[in-house]
Amino acid sequence: TENQNLVIVVVYKPPDATSQQFQEQLLKIDHCLENLPAPAPNILLLGDFNLRHLKWRNIANNIVAVITPGGSSDENSHSHELLNLCTKFNLNQQIIEPTRLENTLDLIFTNNDDLIRNVTISKTIYSDHNIIEVQTCMRGAPDRHNETSHEGAFTKFNFNNKNIKWDQVNQVLTDISWEDILSNTDPNLCLEQINLVALDVCTRLIPLRKRRSRCKIERDRRSLYRRRKRITERLKEVNISEMRRETLVREIAIIELKLKESYRSQESREELKAINEIERNPKYFFSYAKSKSRTTSSIGPLLKQDGSYTDDSKEMSELLKSQYDSVFSKPLTRLRVEDQNEFFMRATKFG
């Protein structure tokens, strides 16, 4: 985002977050924004804040926050803390329509109102939250590949190509006299030298990736997105009959179903491709499986001797060390070998 002079902060506040938890989030954001260089860049603070009783009113072309009755003390505290942060950094909120049922939970704050040209909110079958589409005055950065970095240069090769002769690649790497290459090289430059040699080998033996267009969204899906956007704009027209409105709403529902089918079809193709790669390229399969994992692997909590659980890092490390040590038996001192030569000579003689 350096080319755009833009800082984006994404927030998710769970509905049951305590005042302390949300305050810690805001303190991190405060610290981040406080340390930005001057003059301040464009800032976008956005996310699902889950503040049901924080309403937004359009008064004299200004979006104003109103904390309505009925919220818990924690929620009211969250609203005040968020508004104080936004006041400190001159952040104005841009969403006024409901984003989930009758509540405006998903918010966008910015310090530059001219950054956002248009906001469109539409319902979707994928979530109970509405879709927020934002048009900005920013231009996309040019698609440049960093060829100056040797590590980045490897991304242009297609290592999953089935025609690669890996035996030949391994043999070439084995035949390289690494000691001669690195013997007179500065230790700080060894990695760069290794990358240079490996890059030369890949250039000779590994095919390049096929150039793809910048947009990774499938063509049929892009067409459906554009069509949904046009219909959503028509629904905003004032002089539209109720019959026409119902027709447009049905069209959006059909588009949503087609989008859902498009996603499922893509997932099926990717899954089938990963399965077919198990025998030839298991790394590809496990990378795909990991990308679809919804849980992160972690250690703990662990059970202590008193029957309670702990997730403290130090306590868990001691418990794991104790468990590791417990599988080893203590050596018998009476069987200690004092003279190894004599012991093995005797074992050979009577063996």
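The values are calculated or read from the model by the stated rules, or taken from the named source; none is laboratory data. These figures come from a predicted structure and were not determined experimentally. When we count neighbours, we look across all protein chains shown, and the Cβ atoms used for this are built from the backbone with ideal geometry, even at glycine.
Tabulated data
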item	result
Hits in the stretch 156-200 (condition: in contact (Cβ under 8 Å) with a residue 12 or more places away in the chain, under 30 Å from K273 (Cβ atoms) and assigned to a helix (DSSP H, G or I))	K156, Q168, V169, V172, L173, N195, A198, L199
Subset of the stretch 51-86 [surrounded by fewer than 11 Cβ atoms within 10 Å (Cβ to Cβ) and either within 26 Å of the chain's Cα centre (by Cα) or not in a loop (DSSP other than H, G, I, E, B) (or both)]	R57, N58, I59, N62, S73
Flag if Y263 is part of a helix (DSSP H, G or I) and within 30 Å of N161 (Cα to Cα)	yes
Any chance I108 is more than 14 Å from N50 (Cβ to Cβ), buried (at least 16 other Cβ atoms within 10 Å of the Cβ) and in the same structural domain as V10 (by TED's automatic domain parsing)	yes
Selection from the stretch 228-246 of residues that are over 18 Å from E133 (Cα atoms) and either exposed (fewer than 11 other Cβ atoms within 10 Å of the Cβ) or touching a Cys at 6+ places or on another chain (Cβ under 8 Å) (or both)	V238, N239, S241, E242, M243, E246
Exclusive hit being touching a helix residue (DSSP H, G or I) at 6+ places or on another chain (Cβ under 7 Å), over 25 Å from R264 (Cβ atoms), loosely packed, with under 12 Cβ neighbours inside 10 Å and not aromatic (F, W, Y), set L189, L208	L208
Check on I96, part of a loop (DSSP other than H, G, I, E, B) and touching a helix residue (DSSP H, G or I) at 6+ places or on another chain (Cβ under 9 Å)	no
So N103, is it surrounded by fewer than 16 Cβ atoms within 10 Å (Cβ to Cβ), in contact with a His (Cβ under 9 Å, 6 or more places away or on another chain) and modelled with pLDDT of 90 or more	yes
